[in-house]
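Everything on this sheet refers to the single structure shown next.
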Amino acid sequence: MCGIVGAIAERNVIEILLEGLKRLEYRGYDSAGVALLKQDGSLTRIRRAGKVQALADAVADLEALGSTGIAHTRWATHGGVTEENAHPHLSTDRIAVVHNGIIENYEHLRDSLKEQGYTFTSDTDTESIAHTVHQKINQGASLLTAVQQAVKTFHGAYGTVVMDTQDPHKMVVARSGSPLVIGLGLGENFIASDQMALLPVTRRFIFLEEGDVAEITRRSVSIFDKDGRAVEREIIESNVEHDAGDKGMYRHYMLKEIHEQPVVVRNTLKDRLGENALVSNVFGDGAEAILSKVKHVQIVACGTSYHAGMTARYWLEQYANVSCNVEIASEFRYRKSVVHPNSLLITISQSGETADTLAALRLAKAQGYKASLAICNVAGSSLVRESDLAFMTRAGAEIGVASTKAFTTQLTAFLMLTLALGEYNNMAAQDKKDIVEALHSLPAKLEETLTITQGIEDLAEEFADKNHSLFLGRGDQYPIAMEGALKLKEISYIHAEAYASGELKHGPLALIDEEMPVIVVAPNNELLEKLKSNVEEVRARGGIMYVFADKDARFTGDASMRVIDVPHCHAVIAPIIYTLPLQLLSYYVALIKGTDVDQPRNLAKSVTVE
């Protein structure tokens with residue numbers, strides 16, 4: 001969601017800040033701003049609603065200079081999308097603050113601060129941080145002590161960076177529930193909400209832990225835990241590659257990332273899948289001792305990752321003989337649940353910073369789960385660091401807000417986990433053989449599937465004037481239908497719903513008419529004939545069908561049913577294969593609708609607030 005970049009150096013840091021913001025644009029935002037301090041303490045603040053480029057143009061016009069600075073991209077939570085609500089926020093032109101997260105008790109803080117004479121110029125919760133820090137400094141505290149005292153009054157989540165014009169050679173940062181990473185340079189240091197922002201200037205990072213407060217100067221970093229004790233945090237040398245700068249031959253990042261899926265799935269499998277079985281320790285050191293005792297799996301995730309978990313449930317129960325529950329993280333963390341004996345908690349997140357998923361992991365640690373496993377795409381993320389085991393999907397940087405390659409690599413990871421758990425739970429030898437062979441064939445099958453693009457592009461024209469759609473799937477294709485509906489609504493703004501096909505007659509049939517396109521995923525599996533009966537129910541009521549079907553499934557197209565042939569594949573990988581045509585459909589419909597494909601309205605890439 002929101003992005004933070006900070007720098008303290010001898011040189012002018014404005015280009016570092018702007019480049020960092022540009023590298024965080026994919027996370028989603030609606031305004032941007034920067035505050036710069038010169039060595040004499042003079043402050044320049046520039047803010048703009050809209051894109052980072054508008055901020056960059058304003059900065060160029062003003063020839064902004066400063067050797068200490070903070071910058072921010074805002075995703076609105078409190079207050080509308082206006083320049084006044086954009087970060088950084090100030091207190092009496094002395095304290096400058098940027099902030100990710102939500103201060104839940106900001107109304108109480110605001111009322112109290114107003115009584116003490118502070119004036120608020122925005123509708124945000126963040127401005128209360130600036131005034132609270134200023135209040136503590138007025139009472140005699142140093143900047144570090146003021147921030148340490150201030151955060152004790154905040155309820156909610158925050159990753160925040162504070163500067164003081166009367167102490168221009170340092171920044172103080174605090175982290176609770178919203179990630180912050182310190183970048184280490186030579187005679188200069190940096191702070192960001194995502195290491196991607198800092199890759200042009202450093203490869204050495206310190207990831208702050210929950211409750212940490214840190215004081216940063218050009219030559220030093222001092223970190224204190226939630227109790228105020230000085231602590232050391234590990235310095236990590238990052239080998240992360242950031243390939244976001246070039247869309248290559250593609251019009252949008254999303255299309256590029258759809259077409260990268262054969263490559264990234266091959267990377268997910270590389271050095272992990274042998275000729276006839278998984279290699280050892282695929283899920284990390286100590287994994288075998290944990291997985292050998294697992295009798296139940298609880299999957300917790302949000303959005304697209306939740307759909308991956310829903311699909312995995314079919315595989316884990318059918319092939320690995322392990323019972324499985326799947327729950328949306330925001331629901332799991334706020335209800336009382338029963339922990340099954342020998343349960344493994346699996347969290348899924350592209351970014352590893354999803355607020356509700358992280359909170360669910362922390363809750364589960366107190367509930368008696370045997371162990372936790374994170375399936376994630378970001379090695380240094382909070383989810384990975386706080387889990388017992390971690391499986392990196394190796395999808396590479398995903399810039400499009402609507403997830404594509406992260407999803408298919410998550411599914412690939414779950415098929416590998418199915419093999420791993422099946423080893424200890426009497427998986428049938430034929431099932432093991434079939435899954436291994438299917439995984440070996442998967443990258444090539446994905447490449448073959450991407451050759452049907454033209455037919456999907458033509459089909460998308462028929463959605464140009466539609467406002468609603470229905471997606472249908474059976475068995476492990478039902479979560480894929482859910483994911484297809486999510487993609488369509490995310491980037492084309494067409495209302496879309498997904499149903500298990502067998503539920504049609506329990507209500508959704510009432511919606512069927514010629515204005516409601518119905519999209520069906522139809523692999524050639526044991527549920528095909530049942531699915532065909534559901535298709536006929538729709539046709540009998542005047543519905544228009546769009547069927548993505550195995551070329552051997554014997555669907556015949558006519559005026560009421562368009563059929564797109566999908567390459568034949570083994571049933572176990574069909575959910576992964578059938579994901580691609582739905583992604584392409586959503587993309588081409590969005591293109592026709594003229595929406596912002598890579599940064600759809602109101603959405604963010606990394607959801608770090610509730």
From the set of residues in the range 56-70 that are in a helix (DSSP H, G or I) and either out of contact with any helix residue (DSSP H, G or I) (no Cβ under 7 Å at 6 or more places or on another chain) or modelled with pLDDT under 90 (or both), which is nearest to GLY33 (Cα to Cα)? ALA58
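Okay, residues lined up against (1) surrounded by fewer than 19 Cβ atoms within 10 Å (Cβ to Cβ); (2) more than 27 Å from THR408 (Cα to Cα):
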residue: GLY475; (1), (2): no, no
residue: LYS487; (1), (2): no, no
residue: ALA496; (1), (2): no, no
residue: SER501; (1), (2): no, no
residue: GLU529; (1), (2): yes, no
residue: GLU537; (1), (2): yes, yes
Does the range 345-391 hold any residues that are assigned to a strand (DSSP E or B) and over 18 Å from LEU421 (Cα atoms), and which are they? SER349, CYS376
Where a residue in the range 169-188 is in contact (Cβ under 8 Å) with a residue 12 or more places away in the chain and among the polar types (S, T, N, Q) and its partner, wherever it lies, is in a strand (DSSP E or B) and surrounded by 21 or more Cβ atoms within 10 Å (Cβ to Cβ), with Cβ under 7 Å and at least six apart: SER176/ALA157; SER176/TYR158; SER178/ASN100; SER178/GLY101; SER178/ALA157; SER178/TYR158; SER178/GLY159
So for the range 138-146 (the condition being among the small types (Gly, Ala, Ser) and in contact (Cβ under 8 Å) with a residue 60 or more places away in the chain), does at least one residue qualify? no
Among the residues of the range 417-443, the number that are closer than 20 Å to ALA395 by Cα and crowded, with 22+ Cβ neighbours inside 10 Å is 4
Could you tell me whether any residue of the range 287-299 is under 24 Å from MET196 (Cα atoms) and assigned by the TED database to the domain that holds ALA374? no
Do the conditions hold for LEU603, that is, is it closer than 30 Å to ARG23 by Cβ, modelled with pLDDT under 80 and not charged (D, E, K, R)? yes
Which numbered condition MET163 misses (of (1) within 29 Å of LEU361 (Cβ to Cβ); (2) touching a Pro at 6+ places or on another chain (Cβ under 9 Å)): (1)
Result of the Cβ filter at 9 Å on the range 576-603, keeping first residues that are in a loop (DSSP other than H, G, I, E, B) and partners that are polar (S, T, N, Q) and surrounded by fewer than 21 Cβ atoms within 10 Å (Cβ to Cβ), at least 6 apart or interchain, is ARG601/THR595
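For (1) crowded, with 24+ Cβ neighbours inside 10 Å; (2) without any contact (Cβ under 8 Å) to a residue 40 or more places away in the chain; (3) touching a Pro at 6+ places or on another chain (Cβ under 7 Å); (4) not assigned by the TED database to the domain that holds GLY286, each residue gets a yes or a no:
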{"position": "LEU358", "(1), (2), (3), (4)": "yes, no, no, no"}
{"position": "ARG362", "(1), (2), (3), (4)": "no, yes, no, no"}
{"position": "ALA371", "(1), (2), (3), (4)": "no, no, no, no"}
{"position": "SER381", "(1), (2), (3), (4)": "yes, no, no, no"}
{"position": "LEU389", "(1), (2), (3), (4)": "no, no, no, no"}
{"position": "MET392", "(1), (2), (3), (4)": "no, yes, no, no"}
{"position": "GLU398", "(1), (2), (3), (4)": "yes, no, no, no"}
{"position": "LYS405", "(1), (2), (3), (4)": "yes, no, no, no"}
{"position": "THR412", "(1), (2), (3), (4)": "yes, no, no, no"}
Quick check: is even one residue across the range 20-30 crowded, with 24+ Cβ neighbours inside 10 Å, touching a residue at least 60 places away in the same chain (Cβ under 8 Å) and in a strand (DSSP E or B)? no
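A quick yes/no check of all residues on (1) more than 18 Å from ILE70 (Cα to Cα); (2) at pLDDT 90 or above; (3) outside the structural domain of ASP125 (by the TED database):
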position: LYS152; (1), (2), (3): yes, yes, no
position: VAL161; (1), (2), (3): no, yes, no
position: MET196; (1), (2), (3): no, no, no
position: ILE216; (1), (2), (3): no, yes, no
position: ASP227; (1), (2), (3): yes, yes, no
First in the range 77-95 and of a type in the set (A, V, I, L, M), second anywhere and at pLDDT below 90 and in a loop (DSSP other than H, G, I, E, B), Cβ under 6 Å, 6 or more apart: VAL81/ASP30
Looking only at the range 191-238, and only at residues there that are in a loop (DSSP other than H, G, I, E, B) and basic (Lys, Arg), the one that is surrounded by the fewest Cβ atoms within 10 Å (Cβ to Cβ): ARG229
Would you say GLU461 is more than 24 Å from VAL263 (Cα to Cα), more than 28 Å from the chain's Cα centre (by Cα) and either free of Cβ contacts under 8 Å to residues at least 60 places away in the same chain or outside any loop (DSSP other than H, G, I, E, B) (or both)? yes
Conditions (1) assigned to a helix (DSSP H, G or I); (2) more than 30 Å from ASN602 (Cβ to Cβ); (3) of a type in the set (Phe, Trp, Tyr): number failed by PHE407: (2)
Of a type in the set (S, T, N, Q), closer than 30 Å to GLU526 by Cα and surrounded by fewer than 20 Cβ atoms within 10 Å (Cβ to Cβ): is that true of ASN325 in this structure? yes
Could you check the range 300-321 and list, in sequence order, the residues that are over 24 Å from PRO443 (Cβ atoms) and either not aliphatic (A, V, I, L, M) or not assigned by the TED database to the domain that holds ALA413 (or both)? CYS302, GLY303, TYR306, ARG313, GLU317, ASN321
Looking for whichever is touching a residue at least 12 places away in the same chain (Cβ under 8 Å), in a helix (DSSP H, G or I) and under 30 Å from LEU603 (Cα atoms) here; the options are GLU497, GLU490. Which one fits? GLU490
Within the range 94-121, count every residue that is within 11 Å of HIS78 (Cβ to Cβ) and in contact with a His (Cβ under 6 Å, 6 or more places away or on another chain). 1
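The values are calculated or read from the model by the stated rules, or taken from the named source; none is laboratory data. Note that the structure is predicted; figures quoted are calculated from it, not measured. As a convention, Cβ positions derive from the backbone with ideal geometry for all residues, glycine included, and neighbour counts pool all protein chains shown.
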